[in-house]
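A short write-up of the structure that comes next.
The values are calculated or read from the model by the stated rules, or taken from the named source; none is laboratory data. In this text, all values refer to a predicted model and were calculated from it rather than measured experimentally. Here Cβ is always computed from backbone atoms with ideal geometry, including for glycine, and neighbour counts include all displayed protein chains.
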Number of protein chains: 2
Amino acid sequence: KPLSEVLFFPSELACLEHIFTPSLLCSCYCPLPHGVETSFSRLLRHLLSASSSLDVCVFAFSNMDLSRAVVALHKRGVTIRVLTDNDYSAILGSQVGILRKAGICVRCDADSGYMHHKFAVVDSQLLITGSLNWTITAVQGNMENVVITQDPDLVRPFIKEFHRLWLLNDPD
Amino acid sequence: KPLSEVLFFPSELACLEHIFTPSLLCSCYCPLPHGVETSFSRLLRHLLSASSSLDVCVFAFSNMDLSRAVVALHKRGVTIRVLTDNDYSAILGSQVGILRKAGICVRCDADSGYMHHKFAVVDSQLLITGSLNWTITAVQGNMENVVITQDPDLVRPFIKEFHRLWLLNDPD
Ligand SMILES: [Zn+2]
Ligand SMILES: [Zn+2]
């Protein structure tokens, strides 16, 4: 059966080091709880499961752990495309500059309406979508949901829409 | 196979009268296009398919067509529960007053974080969720998505979360 999972937020606060560097599990001495699986750690795990591609389409992207995950995937050779909203990308704390500096291709929607999506597609087969913007407030402060599914009837339309919006926002 | 569908917004503008009063299809002379199925008309149809219950959990609820649909269901005897965010419900154009005047039970989340969900559950078996707030801007102006699914692995957690939030915001 294809994967179907729902994550609710706000997420508990816990150390995420072992998600990024599994071998270091025993050697982190930060004050946060360790070895705790949270909504946010599960979200990061699903993103870090990418082996070939990750398409991200989010209104707001200022969360540094999420940006760290995306940069880590890029370094591993995963093809990354990030589409975000122009109105938010100018805001202090936006990760767009950091992603671009790392060599990741980021396009900003300049349409008058908001590009209000909050979804990602992993390896063209896993859809991650919901109400959660990629910010710290959303992860730690708000009541939010994220749906994770491999149902092709849901994944396929999002792949098609991402493709459409990506071309629509081609700066050339 | 259970229903799986994705709607993308902004929606085309079209007359919605036939959705509310099917028998009047031929007699509407408003200037909008008629007989056009749009993302928004499909969303309304799914909501109006409710026969026993509708649970709504949305950050922002100011769209008058959506409020008209909810009131119509209430008049038909469908059990309605609406949970919305306190920060938005005070805003001009919020439909909370209209819903309450119609006799619908509305609870407002007063938590410090946003109640940022945008989902509804129809008859405890159809989940409608996504990035779309129940406003006119979201429907007509923004790029948004709505996932509609009967997958029990997705529907069940949302029913449970709605129940939890509903009790949490009991004013008594
Ligand atoms: Zn630690
Ligand atoms: Zn008309």
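Would you check which residues across the stretch A:33-66 are among the polar types (S, T, N, Q) and free of Cβ contacts under 8 Å to residues at least 60 places away in the same chain and list them? First the steps, then the outcome.
First, the residues of the stretch A:33-66 that are among the polar types (S, T, N, Q): A:38-39, A:41, A:49, A:51-53, A:62-63.
Listed by number, the residues that qualify are A:38, A:41.
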Going through (1) among the hydrophobic types (A, V, I, L, M, F, W, C); (2) crowded, with 20+ Cβ neighbours inside 10 Å; (3) within 14 Å of chain B (Cβ to nearest Cβ) one by one, residue A:104 fails only at (3)
Next on the checklist: I'd like to check something: does the stretch B:45-58 contain any residue that is more than 14 Å from chain A (Cβ to nearest Cβ) and within 16 Å of ligand 2 (Cβ to nearest atom)?
Outcome noted: no
Checked the stretch B:6-29 for anything in contact with a helix residue (DSSP H, G or I) (Cβ under 7 Å, 6 or more places away or on another chain) and not in a loop (DSSP other than H, G, I, E, B); matches are B:6, B:7, B:8, B:9, B:17, B:18, B:19, B:20, B:24, B:25
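Condition check ((1) of a type outside the set (A, V, I, L, M); (2) more than 16 Å from ligand 1 (Cβ to nearest atom); (3) surrounded by 15 or more Cβ atoms within 10 Å (Cβ to Cβ)) across all residues:
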{"position": "B:19", "(1), (2), (3)": "no, yes, yes"}
{"position": "B:36", "(1), (2), (3)": "no, yes, no"}
{"position": "B:50", "(1), (2), (3)": "no, yes, yes"}
{"position": "B:62", "(1), (2), (3)": "yes, yes, yes"}
Apart from one, (1) surrounded by fewer than 22 Cβ atoms within 10 Å (Cβ to Cβ); (2) of a type in the set (Asp, Glu); (3) at pLDDT below 95 all hold for residue A:85; the odd one out is (1)
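Mind checking which residues of the stretch B:118-163 are in a strand (DSSP E or B) and away from chain A (no Cβ under 11 Å)? Outline the logic, then answer.
The first filter runs over the stretch B:118-163 and keeps only residues in a strand (DSSP E or B), leaving B:118-122, B:126-130, B:134, B:143-149.
Answer for the stretch B:118-163, where residues must be in a strand (DSSP E or B) and away from chain A (no Cβ under 11 Å): B:120, B:121, B:122, B:126, B:128, B:134.
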(1) in a strand (DSSP E or B); (2) within 13 Å of another protein chain (Cβ to nearest Cβ) all hold for residue A:113 apart from (1)
Note to self: Can you find a residue that is closer than 19 Å to residue B:79 by Cα and in contact (Cβ under 8 Å) with a residue 12 or more places away in the chain anywhere in the stretch B:136-155?
What the structure shows: yes
For this session: Go through the residues of the stretch A:79-94 one by one and say whether even a single one is of a type outside the set (S, T, N, Q) and either under 17 Å from residue A:140 (Cβ atoms) or within 16 Å of ligand 1 (Cβ to nearest atom) (or both).
Result: yes
Among residues of the stretch B:30-70 being among the hydroxyl-bearing types (Ser, Thr, Tyr), in contact with a strand residue (DSSP E or B) (Cβ under 8 Å, 6 or more places away or on another chain) and in a helix (DSSP H, G or I), the residue nearest to residue B:93 (Cα to Cα) is B:67
The condition of being more than 9 Å from ligand 2 (Cβ to nearest atom) and within 14 Å of chain A (Cβ to nearest Cβ) holds, among B:20, B:9, only for B:9
Exercise for the section: Check whether at least one residue in the stretch B:82-104 is more than 16 Å from ligand 2 (Cβ to nearest atom) and touching a residue at least 60 places away in the same chain (Cβ under 8 Å), and report yes or no. Expected result: yes
